[in-house]
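Let me begin by presenting the structure, written as structure tokens, before commenting on it.
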Amino acid sequence: MRNERELALDLIHFIDSSPTVFHVVANIKQQLDKNGFKELDFGQRWDLQKGGKYYVSKNDSAIIAFIVGIGEVEEEGFKIIAAHTDSPTFRIKPNPVMTTENYLKLNTEIYGGPILNTWLDRPLSLAGRVMVKGEQLLYPKTMLVNIDRPLLVIPNVAIHMNRKVNEGIQLNPQIDLLPIIGLINQTFEKDRFIHKLLAEELNISEDEIIDFDLFLYDATEGMLVGLNEEMISIGRLDNLAMVHSGMTALIDAPATKATNVMVCFDNEEIGSRTKQGANAPMLANVLERIVLSLGKEREDYFRALAKSFMISADMAHAVHPNHPEKHDPVNKPKMNGGPVIKINANQNYTTDADSNAVYELLCKENGIPVQKFVNRSDERGGSTIGPISSTQLDIRSIDIGTPMLAMHSIRELAGVKDYLYVVQSFDAFYKL
């Protein structure tokens, strides 16, 4: 029996320890290793066994884990939950050190679509991966870095010098959103400053550093909030809440007749057009390799796809207490009201009546409340990995998520009960 508070705290710990996509995958690997999953290599032949637990990763930022079904794969198919590891943030540019007046700043560019003003006046830090020379030139070595202390801040302009700030202003990313990392003194040397910082943090020579992928993140830890601690306040809920819930359910899942799969794509926030994104053949290739490794033929792979079902899991919008008019008049998901089925006539979500019926019945049979979301007819709304995955795999699919507020803010808000509900729905799905 899962405890909702413990589950929410476990989610907070996971997100706090996963400031970048690279840390997300590293933390998932650690949990999979502890629970008997075996790592596979894309470049090696796979020898899979029925009931076996495996995972494979790409680019250090995407991961696919699965439990091979004990039935015949062409008859039982795949049960897939899909999420994404990335969230809106700021990436550090090459040669990033800039000086203005007496300040040391870092040159950044926006990743995805963050709510920009929420990043102002907050303690921020840096994390990511550093590439150093490996044994072969084609395969550099990856080192993860997390400078786990308040390091930077993006300051607002004082209201006395910006009298119309509360009337709304447009922030210029190249001017207004560059973080301060320190003050310059007489002994400061800005050349290769970042290399020196990283070398000190990783305990290596700065000459060993070839390149890096570094991102900003909120240095303030997550927490439970509300009169009864019924809400979760933290960044990157979109979409690490779905990553964590899916992996939690898979790790606890038994081997069933069908093959259970959890895929965590990268780069959803920028369109998924990467080798590790949902618009790549990564998942299709893994599913086919599972079939072939079991001694089946390509015809059996296509038969397996016809028997498969995918839950595309990405966070959903709860009705806003100050702006209920932003929602459809009759479909207003409430926080702690259960998972949300996302529907769009133009297929920005993959849900149709068939796939909706599957998930809705699954929830009802397991005592889990379920809600529905559609955009106002005069609002365009967003999309997610479901429709993109459908361009690579013709699998029945539904888009769902737990309701939240302040999506893409540096600090998002979701319900504790909703998190329990969605994990329970994934538990039930993997047991089918």
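The values are calculated or read from the model by the stated rules, or taken from the named source; none is laboratory data. Quantities reported herein were computed from a predicted structural model and do not represent experimental measurements. Here Cβ is always computed from backbone atoms with ideal geometry, including for glycine, and neighbour counts include all displayed protein chains. Just the protein is used for accessible areas: all its heavy atoms, side chains included, with ligands, DNA and RNA removed. Shrake-Rupley method; radii C 1.70, N 1.55, O 1.52, S 1.80 Å.
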Open item on the list: Quick one: 3J(HN,Hα) in Hz for region 342-348, Karplus 6.51/-1.76/1.60 with θ = phi - 60°, rounded, Gly and Pro as x.
Closed with: 9, 10, 8, 4, 8, 6, 5
TODO: May I ask you to list the trypsin sites (Lys or Arg not before Pro) in region 336-390 that are in a DSSP loop and have at most 12 other Cβ atoms within 10 Å of their Cβ?
DONE: 380
TODO: Could you pull out the trypsin sites (Lys or Arg not before Pro) across region 124-224 that fall in loop regions by DSSP (anything but H, G, I, E, B) with no more than 13 other Cβ atoms inside 10 Å?
DONE: 163, 164, 190
Open item on the list: I'd like to compare 69-77, 401-409, 226-234: which one has the highest average count of other Cβ atoms within 10 Å, and what's the full order after that?
Closed with: 401-409, 69-77, 226-234
- [ ] For region 310-432, calculate the relative contact order in percent as a whole number, restricting contacts to Cα pairs under 8 Å that are 6 or more residues apart.
- [x] 39 percent
Open item on the list: Out of the GluC sites (Glu not before Pro) in region 133-225, which ones are loop residues according to DSSP with at most 15 other C-beta atoms within 10 Å?
Closed with: 189, 221
Open item on the list: If I take all pairs of Cα atoms in region 25-73, what percentage of them are more than 13 Å from each other?
Closed with: 57 percent
Open item on the list: Could you work out what % of the accessible surface of the chain is carbon and sulfur, using a 1.4 angstrom probe and leaving DNA, RNA and ligands out of the count?
Closed with: 49 percent
Open item on the list: Running a GNM on the chain with Cα contacts under 10 Å, which residue among 88, 150, 179 ends up with the highest mean-square fluctuation?
Closed with: 150
Task: Cβ-placed point charges (K, R +1; D, E -1), dipole of region 1-142 about Cα centre in debye, nearest 20 - done: 400 debye
Open item on the list: I'd like to know which of 216, 195, 159 lies farthest towards the positive end of the charge dipole of region 147-224, counting +1 on Cβ of Lys and Arg and -1 on Cβ of Asp and Glu.
Closed with: 159
Open item on the list: Treating only the Cβ of Lys, Arg, Asp and Glu as charged (+1, +1, -1, -1), what charge dipole size does region 293-409 show about its Cα centre? Round to the nearest 20 debye.
Closed with: 200 debye
Task: Overall dimensions of region 381-432 as given by Cα atoms, namely Rg and Dmax in Å - done: 13.9, 37
Task: Where the chain is the region considered: accessible area per residue in Å², 1.4 Å probe - done: 47 Å²
- [ ] Starting at the first residue of region 197-209, write each ³J(HN,Hα) from the Karplus equation 6.51 cos²θ - 1.76 cosθ + 1.60 with θ = phi - 60°, in whole Hz, x for Gly and Pro.
- [x] 4, 5, 4, 5, 5, 9, 6, 10, 6, 5, 5, 6, 6
TODO: Using just the helices of the chain, give the 222 nm mean residue ellipticity in deg cm²/dmol: DSSP H runs with n ≥ 4 each add -39,500 (n - 2.57), and the total is spread over all residues, rounded to 500.
DONE: -8000 deg cm²/dmol
Task: Value of Rg to Rh for the chain (Rh from inverse mean 1/r over Cα pairs, i.e. Kirkwood) - done: 0.98
Task: Gyration tensor (Cα) of region 166-300, equivalent ellipsoid semi-axes in angstrom - done: 40, 25, 18
Open item on the list: In whole Hz and in residue order, list the ³J(HN,Hα) couplings for region 351-360 that follow from phi through the Karplus curve 6.51 cos²θ - 1.76 cosθ + 1.60, θ = phi - 60°; x for Gly and Pro.
Closed with: 4, 9, 4, 5, 5, 4, 4, 4, 6, 5
TODO: Mind listing the long-range amide H neighbours of residue 279? Cut-off is under 5 Å, sequence gap 5 or more, other chains count too, H placed in the peptide plane at 1.01 Å from N.
DONE: 274
Task: Under DSSP loop assignment and at most 13 Cβ neighbours within 10 Å, longest chymotrypsin sites (Phe, Trp or Tyr not before Pro)-free interval of the chain - done: 189-432
Open item on the list: Can you list residues from other chains, or at least 5 along the same chain, whose modelled amide H is less than 5 Å from the amide H of residue 340?
Closed with: 371, 401, 402
Task: Amide H within-cut-off set for residue 111, under 5 Å, with H built and near neighbours excluded - done: 89, 90, 91
